[in-house]
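Below is one structure; the comments refer to it alone.
Each reported figure results from applying straightforward, stated rules to the coordinates on display, with no laboratory input. None of these values were measured; they are calculated from a predicted model. Note that each Cβ is placed from the backbone with ideal geometry, even for glycine, and that neighbours are counted across all protein chains shown.
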Amino acid sequence: MPELPEVETMVRGIRSHAEGQRIAAFEACPCSCRPLTIRPGLGQIATLVAGTTIVDVTRRAKRVVLKLSSGWAFVIEPRMTGLMLVSDPPDEGHLRVVWKLGTGKRQRSLWFWDRRGLGTISLLNPDQLARLFSDADLGREALEADAELWSRICQATVRPIKVLMLDQSKIAGIGNLYASEILHQARVHPETPAAELRRPQIQRIAQATLEILQTAIRYEGSTLSDGTYRNALNQSGGYQNAHRVYDREGEICPSCKKAQVIRIVQAQRSTFYCPKCQKRR
DNA sequence: ATTAATGTTCAGAA
DNA sequence: TTTCTGAACATTAA
């Protein structure tokens, strides 16, 4: 689940807890899970970061970034089920790694918990870190994309707009859930070839992206029915109650109050939309 | 009891 | 070059 709003919520939830803290240790948790992808190896990272300080907690797309006093940085990708926690986890069995922070009497910990274990943790050198924040691999942050940029990107491809929105190299931060919600608010059919979109539709997509993501951040993200996503204090998000189409197949569209929400599959992912509010063209 | 589905990313193939 | 497919893993629902 963690898309931009959920990762932003993680960052805000751990910031005051981690910023300015010295890293006393970086260790694997004693869980029986298969090992997580950690680059370079966990032991090597532990040596490299011991004694450095976390100077900045920030976000790039769907990744959490812990900048260190050495100029290096941890980059945490929660992927499907990863969480950054500052207190009790949903369960002990899926705790993966711990940062032991502080000195002397003032000790505290920061954890990465991941049920499915698809998440990754990397330690980047300053060059790699600069690349992460450039446009080399990831596109512009979704919250900084204006209609001009959307227009340029849409013109360049015949892929359906919903599929394009998930391409992190074009616009970064939108995931499967928010793509459906954004297109519903923008009244754009998810299967419309991107290059066929006209100016008013593109402007509505740009505007809806900002509104939906900002509102979702205010609600601290979406906790779906499986309950996996939690904030840094292991509390549920609140935006799931505001979803208008996502995971609401068969329900009456809350906008037109007439048509039923439809589920289709695009690029092997579920898309939800209202056939009355979101016409092709 | 199998099969499908679930958010994300990436390698490799078309 | 761009676009598509399947795999990584754990868990739940049908």
remark   = Rounded to the nearest 10, the angle in degrees between the Cα long axis of helix A:199-218 and the longest principal axis of the Cα atoms of chain A comes to 40 degrees
note = Expected sort for A:Arg106, A:Arg248, A:Arg63 with the fewest Cβ neighbours (10 Å cutoff) up front is A:Arg106, A:Arg248, A:Arg63
ask   = Sorted from fewest to most neighbouring beta carbons within 10 Å, what does the list A:Thr103, A:Thr192, A:Thr157 look like?
value = A:Thr103, A:Thr157, A:Thr192
task = For the range A:128-202, calculate the relative contact order in percent as a whole number, restricting contacts to Cα pairs under 8 Å that are 6 or more residues apart.
result = 37 percent
remark   = So A:Arg199 and A:Arg22, fully extended at 0.36 nm per residue minus their Cα-Cα distance, gain in nm 58.7 nm
remark   = Quick note on A:Cys33, A:Cys154, A:Cys256, ordering by fewest other C-beta atoms within 10 Å, gives A:Cys256, A:Cys33, A:Cys154
note = Env charge @ A:Ser270, Cβ radius under 10 Å, K,R +1 / D,E -1, value 0
message = How much length would be gained if the chain were fully extended between A:Arg280 and A:Gln168, taking 0.36 nm per residue of separation minus their Cα-Cα distance, in nm to one decimal?
response = 37.9 nm
note = Nearest-0.05 FRET efficiency for A:Ser134 and A:Asp56 at R0 = 22 Å, using Cβ-Cβ distance, is 0.80
request  = Treat each spin label as a single point 7 Å out from the Cα along the C-beta direction, and report the A:Leu210 to A:Leu233 distance in nm.
outcome  = 3.0 nm
ask   = Amide H to amide H, which residues 5 or more places from A:Gly221 or on other chains are under 5 Å from it, using H placed in the peptide plane?
value = A:Gly238, A:Tyr239
Angle between chain A longest axis and helix A:176-186 axis [Cα atoms, degrees, rounded to 10] = 40 degrees
remark   = On the formula 1/(1 + (r/R0)^6), with r taken between the Cβ atoms of A:Asp91 and A:Leu149 and R0 of 51 Å, the FRET efficiency rounded to 0.05 is 0.75
5 angstrom amide H check on A:Gly139, placed H, neighbours 5+ away = A:Ser169, A:Lys170, A:Ile171, A:Ala172
message = What are the ³J(HN,Hα) couplings of the range A:9-17, residue after residue, when phi is run through the Karplus curve with 6.51, -1.76, 1.60 and θ = phi - 60°? Round to Hz, x for glycine and proline.
response = 5, 4, 4, 5, x, 9, 4, 5, 7
task = Compute the length gained on full extension between A:Asp127 and A:Ala267: take 0.36 nm times their separation in residues and subtract their Cα-Cα distance, giving the result in nm to one decimal.
result = 47.1 nm
inquiry  = Explain nothing, just the number: relative contact order of the range A:4-132, from Cα pairs under 8 Å at least 6 residues apart, as a whole percent.
reply    = 31 percent
query = All other residues with a Cβ under 13 Å from the Cβ of A:Ser236 taken together, and with Lys, Arg as +1 and Asp, Glu as -1, what is their net charge?
reply = -2
Paramagnetic reach from A:Leu118 (point 7 Å along Cα→Cβ, amide N under 12 Å) across the range A:260-281 = A:269-270
Derived scalar couplings ³J(HN,Hα) [the range A:134-144; Karplus, 6.51 cos²θ - 1.76 cosθ + 1.60; whole Hz; x for Gly, Pro] = 8, 9, 5, 10, 10, x, 5, 4, 4, 7, 10
remark   = From DSSP H assignment alone, runs of 4+ in chain A each adding -39500 (n - 2.57), the sum over residues rounded to the nearest 500 puts [θ] at 222 nm at -8000 deg cm²/dmol
ask   = Got a sec? Charge dipole of chain A, +1 on Cβ for Lys and Arg, -1 for Asp and Glu; which of A:Pro89, A:Ile182, A:Gly13 is way out at the positive end?
value = A:Ile182
